[in-house]
Each structure stands twice: as structure tokens, then as C-alpha cells.
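Coordinate-derived values only; no laboratory data. Everything quoted here is computed from the prediction, not taken from an experiment. With ideal geometry, Cβ positions are generated from the backbone for all residues, glycine too; neighbour counts draw on all protein chains shown.
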Amino acid sequence: MSVPEVLLQSVGKKFLGSTKPVLEGIDLAIERGEFVSIIGPSGCGKSTLLKLVAGLIPCSKGEIAIDGAKPDAARKLMSFVFQDATLLQWRTVEKNVALALELEGKPREENAARTAQLLELVGLSHVAKHYPRQLSGGMKMRTSIARALATLPRLLLMDEPFAALDEMTRDRMNEELLRLREEQNWTVLFVTHSVAEAVFLASKVIVLAPHPGCIAHMVDVDLPYPRTQETRDSDAYDELVNRTSRLLREAHRV
Ligand SMILES: Nc1ncnc2c1ncn2[C@@H]1O[C@H](COP(=O)(O)OP(=O)(O)OP(=O)(O)O)[C@@H](O)[C@H]1O
Ligand SMILES: [Mg+2]
């Protein structure tokens, strides 16, 4: 399966019953294997944009194409990690991860092998039999990432997945995410409120302005991968974070 490209053309969204659109005139081309971060003030339409790409809600205007197909038709290619990691409390870590596979009706032995592999990948094999309440925030998030990866996605849509984590854990998770991506070769669309995180992860940062949500700026992040603590300590990274923060402050004033 190839890594998909995502094209948004003049995309707009107005919810039924509201007078103003939430998003308007979004033009965006995401290349195969690209990591794009989206930042913008609360309520500017970041989650709405991800839901449109996922085909969970329809566009009011314009078109979205994932490898030339409509989001509905490209469902099998993608996985969504939501703003709050919603694990099923009554299922163990491995059972949470296996859920999507069970729903696909795959044979039990195949599911068990695949689940074990995924838990290994996110470093959770030792807590496979634990329940969500026994996990730290970071472990919960890694469980939901493993769950998202169970169906072998090529396009990952992530909505503030690390927002609830302390800075050190978040930094580590960022590096793990990039490492996994290197191995698995995904296209990623990643929403965050942290400029530092957006820049660290992405090759391109989209800054949205509100009322209605539109693309105010695109920042190319020309820092080499793999990215490490050394990246964070570099002047080039600092400069990009400062520049992007400035653009975000401007977007807030719109
Ligand atoms: N189903 C819906 N019906 C009506 N309005 C909605 C719906 N979903 C979102 N909105 C509105 O659309 C706007 C954008 O919401 P969205 O959740 O996309 O923002 P966001 O940028 O993700 O914010 P945050 O940073 O707080 O997560 C908000 O004003 C919200 O109230
Ligand atoms: Mg949101």
C-alpha cells in the first residue's frame, strides 16, 4: 500500500444552524510521507479540519482527495487519534488494541500476534494485561496509538494526542512518534497547541487564523530528520519556534 497524499481545495465548513462558517477557503497539499502540524487559537477549526479529512463530517464547500479518492472511500488507509484518549475501561491494554481487529473479523490467532507486535512497537508489552486505570497518561496515549496502528494505516490524523502529558514525557513521545514514522512511513496530520512540538515534529507547520478558520501562514521546517534533543538545542530550531510563535500571535489578533 502506498503512502497517500492529501489534497484540500477551497474547503469550507458551515455547521447546520450556524450563521458563520467554521472554515473557509482551505487550500492545502500534503505530500506522500509528509508530517504536517496544525496550530491555531482554540475554536479556529483544527479538530473540524481533521474530521473533514477523516470523512467523519462532510465539507460544505470544496473538495478533499486522498490519493484521488474521497475521504469516505479512503477510510481504510487512515487512523484517528482523538483529543482525549478514550480507552475502554473494562478491557485490558491488549484487548483495547485488538478491538479494531476483532471488528474487522480477523482470526483470533492473527489478532493476538499482531497485537503483541504493536505493543512491542510502542513499548507496552509489560502491561498488556493491565487495565487503563492502572496506566499513566503516557501509557494510555501509547495504547491508543497502538490501537490506531492496528489497522495498518498509511495516513495518521492526530488531534492533540500529547496535550495531557508532562513536558519530559511529551518530548519522549514526540521522538518515539518520529521513530515509528521512520519505520512505518506514514503521512501525518498533527494538531497541537504547542509551537515547540509542532516545529519539532513537522516538515511543515500550518498556522490557522479564526473567524472563519483559514490558513494564515505556512512555515517550512527545514531541520533534518532524525530529530533529537540536539535538534531542540539548536539555534535553527529556536529561530523557527520564535518565528512560528510570532505568526501564531498575529493569527490570534485576527
Ligand atoms: N458539530 C458541531 N456543530 C456546531 N458547531 C460546531 C460543531 N463542532 C464544532 N463546532 C464549532 O466549530 C468551531 C471550531 O471547533 P473545533 O473543535 O474545530 O476547534 P479547535 O480549533 O479544534 O479548538 P480547540 O483548540 O479548543 O480544540 C467552534 O466554534 C465550535 O463550537
Ligand atoms: Mg480541537
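Amide hydrogen proximity for Gly33: with H placed 1.01 Å from N in the peptide plane, the residues at 5 or more positions away or on another chain lying under 5 Å are Thr187. Only helical runs count toward this figure. For the chain, summing -39,500 (n - 2.57) over DSSP H runs of n ≥ 4 and dividing by all residues gives -11500 deg cm²/dmol at 222 nm. When you count the other C-beta atoms within 10 angstrom of each residue and take the mean per peptide, 97-104, 123-130 line up highest first as 97-104, 123-130. Length available on full extension from Glu176 to Asn242: 0.36 nm per residue minus the Cα-Cα distance, which gives 21.3 nm.
With the Kirkwood sum run over all distinct C-alpha pairs, the range 90-147 has a hydrodynamic radius of 11.1 Å.
Relative intensity of the chain on a log10 scale, I(q)/I(0) at q = 0.10, 0.16 Å⁻¹, equals -0.49, -1.23, per a Debye sum over C-alpha point scatterers of equal strength in the absence of solvent. Largest GNM mean-square fluctuation among Gly105, Gly25, Gly213, using the chain with Cα springs under 10 Å: Gly105. The translational diffusion coefficient of the range 1-150, from Stokes-Einstein at 10 °C and 1.306 mPa s with a Kirkwood hydrodynamic radius over alpha carbon pairs, comes to 92 µm²/s. Going from the residue with the fewest nearby Cβ atoms within 10 Å to the one with the most, Lys13, Lys51, Lys70 rank Lys70, Lys51, Lys13.
Taking a ≥ b ≥ c as the square roots of the Cα gyration tensor eigenvalues, the range 91-187 comes out oblate, since a/c reaches at least 1.5 and a/b does not exceed b/c. Need one word for the range 65-113: rounded, prolate or oblate. Basis is the Cα gyration tensor (sqrt eigenvalues a ≥ b ≥ c); a/c below 1.5 gives rounded, then a/b vs b/c decides. The shape class here is oblate. Normalised by 2.2 N^0.38 Å, where N is the number of residues, the C-alpha radius of gyration of the range 101-251 stands at 1.17. Mind checking the range 1-87 for chymotrypsin sites (Phe, Trp or Tyr not before Pro) that DSSP puts in a loop (not H, G, I, E or B) and that have at most 13 other Cβ atoms within 10 Å? Taking the range 1-87 and a limit of 13 other Cβ atoms within 10 Å, the loop chymotrypsin sites (Phe, Trp or Tyr not before Pro) found are Phe15. The order of Met139, Met218, Met158, going from fewest to most other C-beta atoms within 10 Å of their C-beta, is Met218, Met139, Met158.
Could you compute the net charge surrounding Leu99? Neighbours are other residues with a C-beta less than 15 Å from the C-beta of Leu99; K and R count +1, D and E count -1. Overall, the nearby charge balance is +3.
Counted by neighbouring Cβ atoms within 10 Å, the residues Tyr131, Tyr225 run from fewest to most as Tyr225, Tyr131. Averaging 1/r across all pairs of distinct Cα atoms in the range 12-59 and inverting the result yields a Kirkwood radius of 12.0 Å.
Under the criterion of Cα pairs below 8 Å and six or more residues apart, the relative contact order for the range 98-189 equals 31 percent.
Please label the shape of the range 129-181 as rounded, prolate or oblate, based on the square roots a ≥ b ≥ c of the eigenvalues of the alpha-carbon gyration tensor (a/c under 1.5 means rounded; beyond that, a/b larger than b/c means prolate, else oblate). Oblate. A Förster distance of 25 Å, applied to the separation of the beta-carbon atoms of Glu120 and Arg91, puts the FRET efficiency at 0.85.
Return the ratio Rg/(2.2 N^0.38 Å) for the range 193-254, where Rg is computed over Cα atoms only.
Numbers: Rg = 12.0 Å, N = 62, 2.2 N^0.38 = 10.6 Å.
Output field value: 1.14.
Of all the options Pro224, Pro153, Pro21, the one that moves most in a Gaussian network model of the chain with Cα springs shorter than 10 angstrom is Pro224.
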